[in-house]
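Notes for the one structure printed next.
The values are calculated or read from the model by the stated rules, or taken from the named source; none is laboratory data. The model shown is predicted, which means the values in this text are computed figures rather than measured ones. Glycine gets a Cβ as well: all are built from the backbone with ideal geometry, and neighbour counts include every protein chain shown.
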């Protein structure tokens, strides 16, 4: 028995020795200056606690490890309700600015078509071999261009094609010489005349037609146009009294829940401002304080695609869808993929179009930016549909926005942040309070790549 006890004691002592040796070896590995983490970042410090892993040290060593709570919350909270805000927080980093006003340049491509402003009526025997035709966009034309008049029959039974001799910017006219004009005679001599051309006839710009000795051509340059927008300060505040916080509750409802409510409300109203806000610098009439409101996307877009016959007619068919797709994608140098955010009425009508319905039934969906889009292929580009619930709230249930996200930017003066208010120490209120704020706006470049879809009046 005595031998057994001695053996047990010896075993325990030996185990203790092994533990002490292990600790000593570990101490040697750690060193006096800090802790070494395998395949990681060293957190340095002494024995006084300065080597403790803290948020400050994590931010310095691995800045992406800890995520800002509010920023993550905003992105993840009901993304389908505020798709634009959700996308803007993921698509790219916001452009930082240092002022309330942000200026930028936007430019469109040289147009490929124009329209006749004033009709031309041909009179047989008038001897008109050239014609000064008034157009809607004389700036897009240059001498030696050729132009096709869609639907105007030339002397050979094909669409009329003319040569641009010159242009007069003061009168908004181009001087045309017909290449396949109608046959006519003047004093017994056969000529080619310009046939009658109705107002609003489409004029398609073809290639230039130069002489063999020409060494130059008329220069054409589209200068970018300077535009601007203001950023807007958005803010939400959450408060809960100390007694309410301590009070027994029937359900688990905490300060975080109040915070989430306010974050979503702020996010939803920001979305509406990004869509419909009016660009303005003003002084409020009550407090005489200067304020800035940001201009929304819908107020920068100049292209509109209308559907239906007017009034209560909201019918959309395959023919309209083809023409609308062409209008959206053609005539600009935008992306091959556009995003259509529509109200419930517009989306319901689109779901009845045979072309759209067939692809939806084939489960053509695309998850992008955490949102599920209906993906529709057209002959001109790819459209991704998404029902935007806030458009219904704004009275836009029958409308939609087609956006080229490559030309939408978010400019930020003050990034999203939170600040705790010490209302108790300041003697204001016996309550916990947090302020959430962001100062930002949305920039629309290359307006012709975007479009508004709306019913015909």
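Of the strands (runs of 3 or more DSSP E) contained entirely in the range 240-315, not one carries at least 2 residues that are modelled with pLDDT of 90 or more, more than 30 Å from residue 88 (Cα to Cα) and outside the structural domain of residue 81 (by TED's automatic domain parsing). Scanning the range 158-170 for residues that are outside any strand (DSSP E or B) and within 9 Å of residue 180 (Cβ to Cβ) returns a single hit, 158. Being farther than 19 Å from residue 273 by Cα, assigned to a loop (DSSP other than H, G, I, E, B), at pLDDT 90 or above and in contact with a helix residue (DSSP H, G or I) (Cβ under 9 Å, 6 or more places away or on another chain) is a property that does not hold for residue 328. Looking across the range 335-352, the residues that are in contact (Cβ under 8 Å) with a residue 40 or more places away in the chain and in contact with a strand residue (DSSP E or B) (Cβ under 8 Å, 6 or more places away or on another chain) come down to 336, 337, 338, 339, 340, 341, 342, 343, 344, 346, 347, 349. Scanning the range 407-431 for residues that are at pLDDT 90 or above and outside any strand (DSSP E or B) gives a single hit, 407.
Selection within the range 116-126: residues that are surrounded by 13 or more Cβ atoms within 10 Å (Cβ to Cβ) and either on the phi > 0 side of the Ramachandran plot or outside any loop (DSSP other than H, G, I, E, B) (or both). The member of this set that is modelled with the highest pLDDT is 116. Being in contact with a strand residue (DSSP E or B) (Cβ under 7 Å, 6 or more places away or on another chain), modelled with pLDDT under 85 and assigned by TED's automatic domain parsing to the domain that holds residue 335 holds for only one residue in 442, 434, and it is 434. Do the conditions hold for residue 139, that is, is it more than 18 Å from residue 117 (Cα to Cα) and not in a strand (DSSP E or B)? No; evaluated as a whole, the condition is false for this residue. Filtering the range 316-325 to residues that are outside any helix (DSSP H, G or I) and touching a helix residue (DSSP H, G or I) at 6+ places or on another chain (Cβ under 6 Å) leaves only 316.
Of all the residues in the range 396-431, those that are without any contact (Cβ under 8 Å) to a residue 60 or more places away in the chain and out of contact with any strand residue (DSSP E or B) (no Cβ under 8 Å at 6 or more places or on another chain) number 7.
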